[in-house]
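The values are calculated or read from the model by the stated rules, or taken from the named source; none is laboratory data. Computed from a predicted model, the values in this text were never measured in an experiment. Using ideal geometry, Cβ is built from the backbone for each residue, glycine included, and neighbour counts are taken over all protein chains shown.
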C-alpha cells in the first residue's frame, strides 16, 4: 500500500483517540482543501472549521468506516455553504506555491507546473473536486459519490469533464514528463 | 410574436468532450498527482496542529456507551 493510500484509508482505529486520528488526517484534509479553494490560508481556515465541526459531531462518526471520507465530507459541505462566499474576497497568495516548491527541488519546470495549477483553478469547483477525489486522493468513484452526495454516474461525468477542460486549457501539456514523477511524490501517490 | 419552441434546441452543450488521448490524459493525471502530492507533503503548520490538539483535549472523545 502506498503512502497516499495509507493516508486516505486512515481510520479512527481502536485505541486511537478521536483527536489523534483527526491530527493524523490533517495532511489529507489540507491537501484536499488546497485543491478545492486554491488558497493556502483559506484552506487552513477550512481545515480548522472542519476540525471544530468534527469534534462537535464525533459521536456521529461510525467506527470502522472511512474516517478521512467522513472528514472530507464535512470539509466540502462547509466549503460550499460558507467558504465559497468568502473565497473571492481573499487575495490569492498561493497561486504558484506548488510551482515554487518544484522550482526549489529542481525536479520539475516551475512554469509547466504553475501553468497546470492555474488551469486546475479554471475547472469548475464540482468537477475539480471530483477529479481530485478520484484522480489524486485515491477514492473510488463510489466513495467520491458518497462524499459529494451525488450518483456515481455524476462523478464519472464530472471527472470526464474536468479532464476534457484541462486538455482544452493545456493542449501542450508536457507529456514527456508524464511518468517522470519525483520520487518523494511517487511514494505518496 | 411567435413562440420559440425549446424542443428543437439541444438540451445541453456542455457534454464532456472526447478524451484528447491516453498520452495526454496520463500527462494530466501525472501533473495532478504532482500538485496534490506537493500539497500533501506540505508540513502542517505547528500552530494549526497545536490548536486542533487543544480543541480535542477540551472536547474529550465520546463513545456511544457514554450516552
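I'd like to know if segment A:59-80 contains one or more residues that are within 11 Å of another protein chain (Cβ to nearest Cβ), in a helix (DSSP H, G or I), within 19 Å of residue B:54 (Cβ to Cβ) and more than 15 Å from the chain's Cα centre (by Cα). No: segment A:59-80 contains no residue that is within 11 Å of another protein chain (Cβ to nearest Cβ), in a helix (DSSP H, G or I), within 19 Å of residue B:54 (Cβ to Cβ) and more than 15 Å from the chain's Cα centre (by Cα). If we scan segment A:164-174, do we find a residue that is within 11 Å of chain B (Cβ to nearest Cβ), over 18 Å from the mean Cα position of the chain (by Cα) and at pLDDT below 55? No, segment A:164-174 contains no residue that is within 11 Å of chain B (Cβ to nearest Cβ), over 18 Å from the mean Cα position of the chain (by Cα) and at pLDDT below 55.
Of all residues in segment A:17-31, exactly one satisfies the criterion of being more than 7 Å from every other protein chain (Cβ to nearest Cβ) and farther than 15 Å from residue A:69 by Cβ, namely A:20. Only one entry in A:34, A:87 is facing chain B (nearest Cβ under 10 Å), crowded, with 17+ Cβ neighbours inside 10 Å and either touching a strand residue (DSSP E or B) at 6+ places or on another chain (Cβ under 9 Å) or at pLDDT below 95 (or both), namely A:34.
Scanning segment B:54-67 for residues that are within 21 Å of residue A:60 (Cβ to Cβ) and either outside any helix (DSSP H, G or I) or modelled with pLDDT of 85 or more (or both) turns up B:55, B:56, B:57, B:59, B:60, B:61, B:62, B:63, B:67. The residues of segment A:66-81 that are free of Cβ contacts under 8 Å to residues at least 60 places away in the same chain and farther than 14 Å from residue A:25 by Cα, listed by number, are A:77, A:78, A:79, A:80, A:81.
For residue B:44, state whether it is in a loop (DSSP other than H, G, I, E, B), modelled with pLDDT of 85 or more and at the interface with chain A (Cβ under 7 Å from one of its Cβ atoms). Yes.
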